[in-house]
Amino acid sequence: MITTPIFTRILSTSEYGQFSVFNSWMSILTPIVCLNLYSGVYAQGIVKFEHDRDKFGSSLQGLVFSLISAWVVIYFVADSFWNEVFSLSTLQMLCMFLLIWTSASYGFWSMDQRADFKYHKQVIITIAASVMQPTISIWFMVNSEDKVTARIVGMAVTSFALYTGTFIVQMIKGRQFFSKKYWIYALRFNIPLLPHYLSMTILSSSDRIMISNMVGDDKAGIYSLSYSISMIMTMFNSALLQTVEPWIYRKLKEKKIQDLAHVAYPCFILIAALNILLIIFAPEIVAVFAPPEYQEAIWCIPPVVLSVFFTFLYTFFATFEFYYEKTRYIASATVGGALLNIVLNYFGIQLFGYVAAAYTTLFSYILYAMLHYYFMRRICKTYLEDVKPYSLKLIVIIAGGSLLLGFGFMVSYLNTMVRYILIFLLAMVVILKWKDISSAVFLLLNINKQDSK
């Protein structure tokens, strides 16, 4: 995130768009190539198979390595065909496979670390990657005519150097590359989820590919900047979710459902507040992150950032579906959201331009969160004596308030003086009425207790 201003100044808007399209294709191909085994099934499995966790981890590492090796063979059988389909070179495709494997290996290992609340090694590796990846990529780009490929190679080299060790560590601990029991379990769990994972990536990636094909790489580059800036929110989302998710699974296992709300609501309010803060200062952030030709990105940022809030929200609902292995629920919600997003993108981009993709994405994520809430309630009625983990009333208040404030401040982008006055007034209200605001928040948090009763 910090190095985005450097890359937007080295790459033209068109080159930045090409690189974002590479990332979009990689996001779409990742669930196909490795079935996202390091995600849902692994987070659940390390709780269910806690007594045999090391073997479970090493065997899933072995499964992902085998899957990726098989896909590399399939690619080389008709490499020119695949290169044409994705508009990528052989070197870019090989880097993509390498990035998918190393990211998956790191995903398994880091989930293990988070489940045990161990952060030191993970922080060290993350900081090392944050320094090495841009440094190596910038050196390659400065010394290359094909700056997009140089950027991709820099990512692949760094990932291989840092993340291969996580694969080796888990293989040594578990000492089991193949386990019929765990391979079958993981495949049975995650293959039905493939439509869900594909749809998730389509929701987050198809807009950039469609903008590139329908409008041009330069507009895809400008639109992608809004996504890069939304990484600020994604950073907070990931930090919270990756810690909370294993804890939620444990609470579900122990059937202590009422404990979830005490953690969920403060998280919702925190993420909503950070969303608004990012939207408020979007024009200044864009000016820092990129040269003037990217300035149009400010009109995409509010809906994109708000959609990140709804992706955070849905996870607290979908965990119930993952735990009770209701893959049909998960897939139907995600596929519905993705299909709607593609259709709305197609007509929206044609009628209103590329900025429309940001609004169709937000609308799709809102629907997506609503569907997952509905399926969570069905699971609660079936398995948990119709307990209400969260208050719908409170969720609507938080989400609705975020939308109103977010779009309200977006309108103020038209007049900088008005926006600064609004920022000043909002800051004064928060400072002067902090006690009243705190009391109101605590009052709202009690809504869930009343609803549960």
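Of everything listed in (1) at pLDDT below 90; (2) over 30 Å from ARG53 (Cβ atoms); (3) within 23 Å of the chain's Cα centre (by Cα), the single unmet condition for VAL142 is (3).
Pick from SER103, SER137, SER144, SER110: which is of a type in the set (Gly, Ala, Ser) and within 17 Å of GLU245 (Cα to Cα)? None of the others qualify; the one that does is SER110.
Surrounded by fewer than 19 Cβ atoms within 10 Å (Cβ to Cβ), touching a Leu at 6+ places or on another chain (Cβ under 8 Å) and closer than 24 Å to VAL304 by Cβ, is that true of LEU367?
yes
Residues that are more than 22 Å from CYS267 (Cβ to Cβ) and assigned to a helix (DSSP H, G or I) were ranked within segment 302-328; the one that is farthest from the chain's Cα centre (by Cα) is ARG328.
Of the residues making up segment 254-313, those that are within 25 Å of LYS388 (Cβ to Cβ) and hydroxyl-bearing (Ser, Thr, Tyr) are TYR265, THR311. Per the listing TRP101, TRP71, the residue uniquely touching a helix residue (DSSP H, G or I) at 6+ places or on another chain (Cβ under 9 Å), closer than 23 Å to PHE19 by Cβ, in contact (Cβ under 8 Å) with a residue 12 or more places away in the chain and open to solvent by 50 Å² or more (accessible area, probe 1.4 Å) is TRP71. In summary, SER332 fulfils each of the numbered conditions (1) within 23 Å of MET214 (Cβ to Cβ); (2) surrounded by fewer than 18 Cβ atoms within 10 Å (Cβ to Cβ) with the single exception of condition (1). On inspection, SER212 passes the criterion of being more than 30 Å from ALA273 (Cβ to Cβ) and buried (at least 21 other Cβ atoms within 10 Å of the Cβ).
Pick out the one residue from MET231, MET141 that is open to solvent by 20 Å² or more (accessible area, probe 1.4 Å), out of contact with any Asp or Glu (no Cβ under 6 Å at 6 or more places or on another chain) and closer than 30 Å to GLU15 by Cα. It would help to see each step written out before you state the result.
On the way: MET141 fails: open to solvent by 20 Å² or more (accessible area, probe 1.4 Å).
Selected residue: MET231, the only one of MET231, MET141 that is open to solvent by 20 Å² or more (accessible area, probe 1.4 Å), out of contact with any Asp or Glu (no Cβ under 6 Å at 6 or more places or on another chain) and closer than 30 Å to GLU15 by Cα.
From the list PRO292, PRO302, PRO283, the one residue that fits, being surrounded by fewer than 24 Cβ atoms within 10 Å (Cβ to Cβ) and touching a residue at least 60 places away in the same chain (Cβ under 8 Å), is PRO283. Residues that are out of contact with any Gly (no Cβ under 8 Å at 6 or more places or on another chain) and modelled with pLDDT under 85 are absent from segment 298-313. For segment 173-194: of the residues being touching a residue at least 12 places away in the same chain (Cβ under 8 Å) and open to solvent by 70 Å² or more (accessible area, probe 1.4 Å), which is farthest from ILE125 (Cα to Cα)? Looking at the filtered set, the residue picked out is ILE191.
SER87 fulfils the conditions (1) open to solvent by 10 Å² or more (accessible area, probe 1.4 Å); (2) touching a residue at least 40 places away in the same chain (Cβ under 8 Å); (3) in contact with a helix residue (DSSP H, G or I) (Cβ under 7 Å, 6 or more places away or on another chain) except for a single criterion, (3). For the residues ALA331, ALA338, the requirement of being in a helix (DSSP H, G or I) and touching a His at 6+ places or on another chain (Cβ under 8 Å) singles out ALA331. Here PHE81 meets each of (1) under 23 Å from PHE56 (Cα atoms); (2) open to solvent by 60 Å² or more (accessible area, probe 1.4 Å) with one exception, condition (1).
Examine segment 273-296 for a residue that is in a loop (DSSP other than H, G, I, E, B), of a type in the set (A, V, I, L, M, F, W, C) and closer than 30 Å to SER12 by Cβ, and state whether such a residue exists. Yes: one or more hits.
The values are calculated or read from the model by the stated rules, or taken from the named source; none is laboratory data. Predicted model only: the values in this text are computed from it and were never measured. All Cβ positions, glycine included, derive from the backbone under ideal geometry; neighbour counts span all protein chains shown. Remember, those area values only see protein heavy atoms, side chains included, never the ligands or the DNA or RNA. Shrake-Rupley method; radii C 1.70, N 1.55, O 1.52, S 1.80 Å.
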